[in-house]
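Notes follow the structure.
The values are calculated or read from the model by the stated rules, or taken from the named source; none is laboratory data. Note that this is a predicted model, so its numbers are computed, not measured. So basically every Cβ, Gly included, is an ideal-geometry build from the backbone, and we count neighbours across all protein chains shown. Just the protein is used for accessible areas: all its heavy atoms, side chains included, with ligands, DNA and RNA removed. Shrake-Rupley method; radii C 1.70, N 1.55, O 1.52, S 1.80 Å.
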There are 4 protein chains.
Amino acid sequence: MHQNQKFKAVILGAAGMTGGELLRILARHSQISVTAAISKSKRGTPIGVTHPHLRSYFQGMNFVSYDEAPINEADIAFVALPHGSSANEVAKLLEAGLKVVDLSADFRLNDPEVYRHWYGLDHPRPDLLESAAYGLPELNRGKIISANLTSGVGCNATASILAILPLARAGLIESVHLDVRAGSSEAGARPSTGSHHPFRSRSARIVEPFSHRHLAEVSQELELPLEKLSMRLSTMEAVRGVQACADVTLNTKLSEKELWKIYRTTYSVEPFVELCPARPSHLRFPDPKLVWGSNKALVGFALKDDIHCLVVSAIDNLMKGAAGSAVQSANLMLGIPETEGLEMQPVYPA
Amino acid sequence: MHQNQKFKAVILGAAGMTGGELLRILARHSQISVTAAISKSKRGTPIGVTHPHLRSYFQGMNFVSYDEAPINEADIAFVALPHGSSANEVAKLLEAGLKVVDLSADFRLNDPEVYRHWYGLDHPRPDLLESAAYGLPELNRGKIISANLTSGVGCNATASILAILPLARAGLIESVHLDVRAGSSEAGARPSTGSHHPFRSRSARIVEPFSHRHLAEVSQELELPLEKLSMRLSTMEAVRGVQACADVTLNTKLSEKELWKIYRTTYSVEPFVELCPARPSHLRFPDPKLVWGSNKALVGFALKDDIHCLVVSAIDNLMKGAAGSAVQSANLMLGIPETEGLEMQPVYPA
Amino acid sequence: MHQNQKFKAVILGAAGMTGGELLRILARHSQISVTAAISKSKRGTPIGVTHPHLRSYFQGMNFVSYDEAPINEADIAFVALPHGSSANEVAKLLEAGLKVVDLSADFRLNDPEVYRHWYGLDHPRPDLLESAAYGLPELNRGKIISANLTSGVGCNATASILAILPLARAGLIESVHLDVRAGSSEAGARPSTGSHHPFRSRSARIVEPFSHRHLAEVSQELELPLEKLSMRLSTMEAVRGVQACADVTLNTKLSEKELWKIYRTTYSVEPFVELCPARPSHLRFPDPKLVWGSNKALVGFALKDDIHCLVVSAIDNLMKGAAGSAVQSANLMLGIPETEGLEMQPVYPA
Amino acid sequence: MHQNQKFKAVILGAAGMTGGELLRILARHSQISVTAAISKSKRGTPIGVTHPHLRSYFQGMNFVSYDEAPINEADIAFVALPHGSSANEVAKLLEAGLKVVDLSADFRLNDPEVYRHWYGLDHPRPDLLESAAYGLPELNRGKIISANLTSGVGCNATASILAILPLARAGLIESVHLDVRAGSSEAGARPSTGSHHPFRSRSARIVEPFSHRHLAEVSQELELPLEKLSMRLSTMEAVRGVQACADVTLNTKLSEKELWKIYRTTYSVEPFVELCPARPSHLRFPDPKLVWGSNKALVGFALKDDIHCLVVSAIDNLMKGAAGSAVQSANLMLGIPETEGLEMQPVYPA
């Protein structure tokens, strides 16, 4: 590949919230350029009308239909469609020879029965499940590198998995309760009563008390049985951000020093995961406010009685929780340095 | 009327934003009780499901259709329907012998041509315009007392008129530019892209640069030609609240002392209008944050070069800007003390 | 007592956040009037300068020093001073023959050793502890009625206790984890880096991971050993509001029907506690947004596997979590109807 | 200069709000590296404790005192100190041979009398005023390139000047009223009652009714007499962002087409100024929400009666309004491409 020749990407569902964030990232990616922003509902509309913050980056470029898009010349597709409607599009793209990152839930779960249980649908393309890599590089870098199809990762699952991955790998988890709070962009770009400003503003709603469906990903990827897991999802007043508070009961007593070693071992090599220091104490637990606009994941923890561990993680749901991890996976799949296009600083205070 | 016998009120459009605020007020009004909460779209739904903050006040009461409502036994109707669809309902209610407060724009403007200009509709019932009183008691108390039909008042018009009423009455206005900022509840309860939380949150949008249609009310009621007026409307990050900044050019030089006298003369007798003191200076200009949940209107001003006056007013748009003034008018129409049911303290800080 | 003769109240610490809320409530209380707003730091300042939303209610009234206040003619004192500096003032007031509601933490805990443990201070007046009633009427109405000294209640403790009181009374609690989120007014009126708007806005900070000190009140009042309890405190983006999520492990299996019976039995008689219905599901768990400005406490719950119960409560921390419960206690102590002055409707949406 | 050898920068006042933003930008600047973050009050504290979002970029680096800083090896200094305390530091740095960008107000105004009028101080170093370049590249690129001392620009002045610069250059302005709204970060990092979250949250305060002191910069740089200008400053609920609404009375009638030409001529070559399109109308006027975290300035306008023009501009006050323009100037002074380090995409929606 010539130095000046970039990989060509198409985005399906480019008018949505995650589609917009993919465009935002790729607007300044040095090695991937967007050759088509596909949207059924916005076909013909300039990108800058739907995503006005991106006007200067995509001058003269309109949303197109799938049929208008130069699919066959593309190297990679990002699919940001709702679950259920994604799988068949993915199949077409794979057949056309593209690498695919699918941000929907369709290829996150290996087992079609599990998919049916949580999403209430027969999986449209169970034949493709085996080849799909779960797209969280911190967990699955090896598979992603060689995959043609990588799933996106649920934003709540991302925050949850990153919080407890080191403990799960070390086999230390007796049980975990995940308390997850999310900003309003998690619900997407489509207006609804629940996201109507007068009602959503400063709300603290319990969206799901015990078993949010992103739990299925946590269970599968960390090989933890559902009986040991619960996940509550609530809203918080913010547009971006997911914070996961993981109350972990360990299956063996540990010192704080040992815990630090475990977390450092896993995360010291990760470019986007940042461990919070124990001191000063008010910075021990991460706040999503500290990562807005960036691909960072912050993780911090404290130990009580050597057996109960509170681990807190914070991400920007549109970045590390969706489009950021997707581009990170794409970088791996295309042989580009993993961090390319994703090193933007957090915007703080904001 | 017996001491324990309350006036009976029906509310049309009771599931909307203003309808909810009428219910909130009347929930504890000592002399008016709601006998029907009418809503086409929510018929059969418990009031407490749509307005969960009112659950305890309207236990067992559901929204009903117009036909199910005990219209003929009612004394008064509050009509909180969109403009255009209100006028015919008002006519029916008047024929049924009720007094009516119409919160839509249908009976604010005396002249059907003016109505057509600003609302783009032929007025459905121009015959009723003459008898309708413009429902801002501070401006029009006398007419309201004897009216069978009182209009509500536009929230931006309320804030604007209260800011400059004393100057207009004194014939001192050369010209006025009104810069109005409003919270998200002004746009009503129906979800839309513009009010979708991720997009509306912390937005500062210019909704209308020069000539918001509430200007028509200001012009008519203060007898100021449109050439002397302009009104910009912008959004602010809040659910409730309207702030009007009136940049007034006076037609004669005045001292600050004279200005105070003019404002005090008009407002010292008003139960809901509160003049802000000149000192300390940071409290001189009112902030809507200081009136949330109350029927208060705050007014403050400063003078420059004896000829330019900045007058600022602040109201809660759902209260003094809509439901509060409507109940205030209803109290007058029914011979109840004007402040009844409307004396709730502002909730600050909130 | 004559009909027109009100009880006389003095407020110590009247310039603070809770002091302001006491003034807000008492501004329209029909049977208690404020005869002195005492503040060391603001002595001589008009009340309306510090609390501009209350200007119209306390025209011409300034903060005074303790020595200037008509203590001896007062019937009751509300003490809104920081813990540690409150106890000696309380003693003086009791000696002067007043009834006292102390909103600090000084008289919440019966045991001076426990007080020392959590607050790091020797209790200034342990001799008064025995006579002090814990001021949560829902828990302790009988004692409050006959008390001369009633403590306020920690806002996080109020939300927590109200969530699990019915279960605790029924002896059903094996263990409880309390996850509490609070608005910024909980930290008081004094500026600090943590409450500085650019840093506090939209923050989601873990303030205390395991053992917030309000846990001591929960443990004492519900007679639950600390080993069975934990309390995490976090910030949320709001000025008012506390939400407590109680993850309760029951010590015996229960049906949802039995749970409802237990909660209804406790709360159906309570004027300020409102149980949330199971349907529609999005209203099952309370949101503080629904109670702003009111003295309400909302409680809702769900059951999982008959053994794990999530109970959620929501209050306005300045009202039911502080000044509201204090006035409720004062009403009981003075023989006034318990709800007097406290029936204001929640302001929603806001 | 070797390819790998970066320019060395020191920052004075690095612990403040603007200091933090300079660090945020320079953390990833390819040609400038920070060799000392100077702060009197935070000396010895790790940068990542005060600016936790920057922890990973400045590992192991603490704030230092001026005396500890390697001033003599530095190429450039950014001075982010309060006005009045800045000028003498600037003089020392210039004497030490550094280029200096001073973000305080000390070198914005050419005339020490004007400085005294607006800032109430005798200028500490009037001798340096003549050589200082006003640091808004869009206005003053030529001078900045050759300057050793460049001033920062007031954030409200930046937004105001960029709104009306094309009209001023064309000599078309009869008079302008500037209505400016600003987020809370404009007031800096030091806690105060006005910026205390419960009071600042969602406030809409008129900070200055007629003559904010940034007007002095607008008047000087656009060569418009103060009699033709006024500037109101208000707060808005946001952490970042300044929006200026300029109500311009033109001194000659113009068509909208002519206006477009004037604005395009000035701004089509500017890398950070973006003109908003006339269609769709809801994007015509810029919202600061669209530029958070970026160095962009958005400008949009509409014309009424060919003589009155509303021009609206929006910037991120910490970026284009302070640290962004400062780095842009530094790039010019050092011969680096002007946009280096400043091309970060806006974070939207957020």
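Dipole orientation for chain D: of the candidates D:G20, D:Q31, D:P349, D:P349 has the Cα lying most toward the positive pole (charges on Cβ; Lys, Arg +1; Asp, Glu -1).
Indicate, rounded to the nearest 5 percent, the antiparallel portion of the DSSP beta bridges found entirely in the protein assembly as shown. List each step's numbers first, then the result.
On the way: 114 of 238 bridges.
Here the antiparallel bridges make up roughly 50 percent for the protein assembly as shown.
Charge tally for B:E256 (other residues, Cβ to Cβ under 11 Å; Lys, Arg +1; Asp, Glu -1): +1.
Taking amide H as placed 1.01 Å from N in the peptide plane, D:M231 has its amide H under 5 Å from the amide H of D:L178, D:S211, D:H212, each at least 5 places away in sequence or on another chain.
Look at the stretch C:286-292: the mean tally of other chain Cβ atoms within 10 Å of its residues' Cβ atoms is 6.
The packing ranking, built from the mean of other Cβ atoms within 10 Å per residue, places the peptides D:232-244, B:292-304, D:72-84 in the order D:232-244, B:292-304, D:72-84, highest first.
Backbone phi angles across region A:20-37, fed through the Karplus curve with coefficients 6.51, -1.76 and 1.60 (θ = phi - 60°), yield HN-Hα couplings of x, 6, 4, 4, 4, 5, 6, 3, 10, 6, 6, 10, 10, 10, 8, 9, 7, 9 Hz in residue order; Gly and Pro are listed as x.
Applying 1/(1 + (r/R0)^6) with R0 = 60 Å to the Cβ-Cβ distance of C:K143 and B:N110 gives a FRET efficiency near 0.40. For region A:115-168 and region A:38-80, compute the distance between their C-alpha centroids and round to whole Å. Measuring centre to centre over Cα atoms gives 26 Å.
What's the angle, to the nearest 10 degrees (0 to 90), between helix C:324-334's Cα axis and the longest principal axis of chain C? With both axes taken from Cα atoms, the answer is about 70 degrees.
Per residue of D:180-190, other chain Cβ atoms within 10 Å of the residue Cβ number 4 on average.
Mean separation of Cα pairs under 8 Å and 6 or more residues apart, divided by the residue count, gives chain A a relative contact order of 17 percent. Centre-to-centre separation between the Cα atoms of region A:298-350 and those of region A:181-231: 18 Å.
Amide H contacts of D:E274 (H built 1.01 Å from N, in plane; Pro and chain starts excluded): D:A297, D:L298, D:V299 sit under 5 Å, all sequence-distant by 5 or more or on other chains. Restricting the calculation to Cα atoms, every distinct pair contributes to the Kirkwood radius of region D:155-317, found to be 16.0 Å.
Between 0 and 90 degrees, the angle of helix C:137-146 with respect to the longest Cα principal axis of chain C falls at about 40 degrees. Note on chain A: GNM, Cα springs under 10 Å; of A:P46, A:P137, A:P209, the largest mean-square fluctuation is that of A:P209. A 32 angstrom limit on the alpha carbon distance is what I want to check against. Which of B:K228/B:K296; B:K42/D:K289; C:K8/C:K296; B:K257/D:K289 exceed it? Result: B:K42/D:K289; B:K257/D:K289 exceed 32 Å. Peptides A:39-45, D:181-187, A:336-342, D:85-91 ranked from most to least packed, by the mean per-residue count of other Cβ atoms within 10 Å: D:181-187, D:85-91, A:336-342, A:39-45. Put a plus charge on the Cβ of each Lys and Arg, a minus charge on the Cβ of each Asp and Glu, and nothing anywhere else: the dipole of chain A about its Cα centre is then about 1000 debye.
In the protein assembly as shown, the DSSP-assigned H stretches of four residues or longer account for a calculated mean residue ellipticity at 222 nm of -7500 deg cm²/dmol, using -39500 (n - 2.57) per stretch and the full residue count as denominator. Scanning chain D for the Cβ atom closest to the axis that brings D onto C yields residue and whole-Å distance D:P191, 2. A Förster radius of 45 Å combined with the Cβ-Cβ distance from B:A96 to B:V269 puts the calculated FRET efficiency at roughly 0.80.
Once C and A are treated as a pair rather than alone, how much accessible area drops out, both sides summed, in Å² to 100, probe 1.4 Å? Please list the in-between numbers first.
Details: alone 15570 and 15600 Å², together 28150 Å².
Buried area between the two chains comes out at roughly 3000 Å².
Pairs of alpha-carbon atoms within less than 8 angstrom and 6+ residues apart define the contacts here; what relative contact order does region A:83-191 have, in percent? Numbers along the way, then the final one.
Details: 117 pairs, mean separation 26.9, N = 109.
Relative contact order here is 25 percent.
Computed over protein heavy atoms with a 1.4 Å probe, the accessible surface of the protein assembly as shown works out to 34 Å² per residue.
Solvent-accessible area of region D:227-330 (1.4 angstrom probe, protein heavy atoms only): carbon and sulfur portion equals 53 percent.
The other copies place their D:G44 label points at 3.9, 6.9, 7.3 nm from this one, listed shortest first, where each point is 7 Å from Cα along Cα→Cβ.
Once divided by 2.2 N^0.38 Å, the Cα radius of gyration of chain C becomes 0.96. Of the residues D:H51, D:Y66, D:L94, the one whose Cα sits farthest toward the positive end of the charge dipole of region D:38-103, with +1 on the Cβ of Lys and Arg and -1 on the Cβ of Asp and Glu, is D:H51. I'd like the orientation of helix C:256-267 relative to chain C: the angle between its Cα long axis and the longest Cα principal axis, in ° from 0 to 90, rounded to 10. For C:256-267 against chain C, the angle is about 10 degrees.
How large a share of the accessible area of region A:4-130, in percent, is made up of carbon and sulfur atoms when the probe is 1.4 Å and the other protein chains stay in place? Walk me through the numbers on the way to the answer.
Details: 2400 of 5260 Å².
Exposed carbon and sulfur together represent 46 percent of the surface.
Per residue of peptide A:318-325, the mean number of Cβ atoms on other chains within 10 Å of the residue Cβ is 1. Three principal axis extents describe the C-alpha atoms of the protein assembly as shown; from largest down they are 92, 81, 66 Å. Here's the picture: a label point sits 7 Å out from the Cα of C:L226 along the beta-carbon direction, and within region C:148-165 the residues with their amide nitrogen under 17 Å of it are C:157.
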